[in-house]
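As structure tokens, the structure follows; a few thoughts come after it.
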Amino acid sequence: MIAALHRRHFLATGGAAAATGVQASTPLLNSLGTANPRWRILAIAPSSAKLPELTRDYQQGVELGLAQAGASSQVALTWLTAGLLPSAPAKAVGAALQARPFDAVMGWMPPALANKVSPLTESAGVPLWISDTGADMVSQSDTHPLTVRHSLELCAMATALADRVYAQCGPRAFLSMGRHESGFDFLQSFQQRWQALGGKVVGRHIADMPGNASEFGGLKQSIISHQPDAVIALYSGPQSQRFAQWWQKHSAALHTNLAGLPWLPEHNPGVHAHTIATWPQAQSADAGWRARLAQAGLGWTAAALLGAEAGATLGTALVTAPLGTHMRDLWAGLHHTPLVGPRGERQWVNAGTDSAGPLWESTLLGVSARRQHPTSHPTPAAVVAQRGWTTGYLLT
């Protein structure tokens, strides 16, 4: 039996206090000649000890998207970096809004941070753009008319993964996950859909729990004893790579299928797994965007793609806005136009509280297939009510 782990204990063991940081930087686009920008935007980049490249990928992705839209000469960005806990970056945003005028605030904001920043932007009458992983569900009641949010749509990916694995592998699933992954709504989304299909979760393993002899201690024996049709591997960062190496070593003895998050096979091409993503693999992506990211020195990462989508979509709206347009008026119609970027054209859903669009499925042969019309399953209120860690997903 897996012992319950309180979220404050997770934060303490994860070194959250040491990793929390807020850092102001010089407006990055001023170096591109924006001496008198038409728009001034306060931007927030994520900070993660587990994924140190997250900051650069999202930040440079936003700048690349703005440049692609032709908005670089019109926009000055002032960047803050936000660590694990929401209080410090929220205070920095509040101080920045009081210190100088901004036309908008945008950035990577998990729900806990967005819920603190949103009242500040509402009070200042400043529109807010939220980029997020979509690891936690967001209710429409959490939003404001001057707020839009797009995400990697992890909860939708988890629901679609349940459909795919149930159809392809069978009804018996074993959940193998990182301690970080165990506290987010996308896990509940998978389980809710799996149970609705008639499936059964026959076993669970959380890596690196106190008392385990090793990171994946007991996992092999547990999988063999439960005889699942598929192992659902939910890991991220270096732990995902370590699990993939573990799987390659032991898979012959396990006699089951593997499925998981889209980054599971990224750095381990020998691992064949069922995955669902809201973005294509690099080899099947738009050649123009692939070249632009490569020229900017960016990998084909989820954070870079989400940042580029934010920059390109907002930049397109800014450059086409007539002179004299107020940012609040522009924001009011923003969610009526498609999102654009390296993920392809996506739509706003639920009055701009999230994004939706094509899903890409990987087969066991590593080939991506684009599914144009993902099935939509309403998320039960019980899932929305679930709240695990106070940190945002990937921000550890």
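Every number here is computed from the coordinates shown, using simple stated rules; none is lab data. What you see is a predicted model, and the numbers here were worked out from it, not measured in a lab.
A few notes on this one:
- Range of Cα positions in the stretch 196-236 per principal axis (Å), largest first: 34, 24, 14
- Listed by chain and number, the lysines placed with their C-alpha closer than 27 angstrom to that of Lys220 are Lys50, Lys200, Lys249; residues fewer than eight positions away on the same chain are left out.
- Mean shadow area of the stretch 37-165, taken as a quarter of the surface of its Cα convex hull (nm²): 9.1 nm²
- Per-bin percent of Cα-Cα distances, the stretch 240-358 [10 Å]: 11, 33, 27, 17, 8, 3, 0
- Overall form of the stretch 128-216 per C-alpha gyration tensor (a/c, 1.5; a/b vs b/c): oblate
- Debye-formula intensities of the stretch 150-291, expressed as log10 I(q)/I(0) at q = 0.19 Å⁻¹, are -1.16 (one equal scatterer per alpha-carbon, no solvent).
- Semi-axis lengths (Å, descending) of the ellipsoid that matches the C-alpha gyration tensor of the stretch 319-363: 28, 12, 5
- Coupling constants for the stretch 326-340 follow from the phi torsions by the Karplus curve (6.51 cos²θ - 1.76 cosθ + 1.60, θ = phi - 60°), and in residue order they are 8, 4, 5, 5, 4, 5, 4, x, 4, 7, 8, 10, x, 6, 10 Hz; glycine and proline get x.
- Listed by chain and number, the aspartates and glutamates placed with their C-alpha closer than 15 angstrom to that of Lys116 are Asp132, Asp142; residues fewer than eight positions away on the same chain are left out.
- For Arg179, the residues whose modelled amide H falls within less than 5 Å of its own, excluding neighbours fewer than 5 places apart on the same chain, are Ala207.
- Dimensionless Rg ratio for the stretch 128-169, taking C-alpha atoms and the 2.2 N^0.38 Å reference: 1.49
- Two-decimal ratio, the stretch 263-320, of alpha-carbon radius of gyration to 2.2 N^0.38 Å: 1.32
- Rounded to whole Hz, the Karplus (6.51, -1.76, 1.60) HN-Hα couplings of the stretch 242-256, x for glycine and proline: 5, 5, 4, 5, 4, 5, 4, 6, 10, 4, 4, 8, 8, 6, 8
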